[in-house]
Amino acid sequence: MLSHLFWTVATSDAVLAFDGLVLAASLVVGFLPLVNLLPVVGRYVSTARLVAVLVASGMAFVLGFRTADERETLDKLRTTLATKQRDLDIAAKSATDANKRVDQLQNDANAQHQADADYIASLQARPLCSFTDGDVRDARGLRVVQGRSSGRAAGRP
């Protein structure tokens with residue numbers, strides 16, 4: 001946790017701006033041709049050159065770390081976005097499939113309702129309690145089939 005805090009502060013814009021100012025000052029003092037002739041600054045020319053090299057190296061390292069951290073964060077965000085997009089695509093496909101199933105069930109229910117309505121209309125068209133020859137044959141066949149199945153269950157031939 002402390003290392004994360006350290007790298008967050010070390011790669012912040014304010015610290016990088018301060019490092020840039022230190023680098024600029026050390027470059028001016030260490031590498032500007034006529035500055036070493038000034039008696040006040042002349043003693044610090046070699047130190048300023050060393051500081052310039054060290055600060056430039058440190059800034060390169062910190063900027064590299066910051067870039068790598070931002071790339072990692074960006075990759076995580078891309079992965080999250082791709083996952084969410086895939087989930088949305090799956091949800092849209094599922095909704096489409098559900099709508100198709102609902103439409104199919106509704107069509108089947110309407111067809112069954114129409115068949116039931118046609119059958120009810122055919123029953124209403126008949127006079128009450130009137131059996132046709134086909135009804136009687138169906139009833140006798142049903143009784144014979146039921147009698148045989150019940151006889152076998154009881155052990156009768």
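The table for this structure:
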| quantity | calculated |
| --- | --- |
| Average accessible surface area per residue within region 13-100, 1.4 Å rolling probe, Å² | 76 |
| Exposure ranking of D116, D13 by accessible area [1.4 Å probe, largest first] | D13, D116 |
| Around K100: net Lys/Arg minus Asp/Glu count, Cβ-Cβ under 15 Å | -1 |
| Net charge over other residues, Cβ less than 12 angstrom from the Cβ of V55 (K, R count +1; D, E count -1) | 0 |
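The values are calculated or read from the model by the stated rules, or taken from the named source; none is laboratory data. Predicted model only: the values in this text are computed from it and were never measured. Every residue, glycine as well, gets a Cβ built from its backbone with ideal geometry; the counts of neighbours run over all protein chains shown. Protein only, heavy atoms only, side chains kept; ligands, DNA and RNA dropped before computing areas. Shrake-Rupley method; radii C 1.70, N 1.55, O 1.52, S 1.80 Å.
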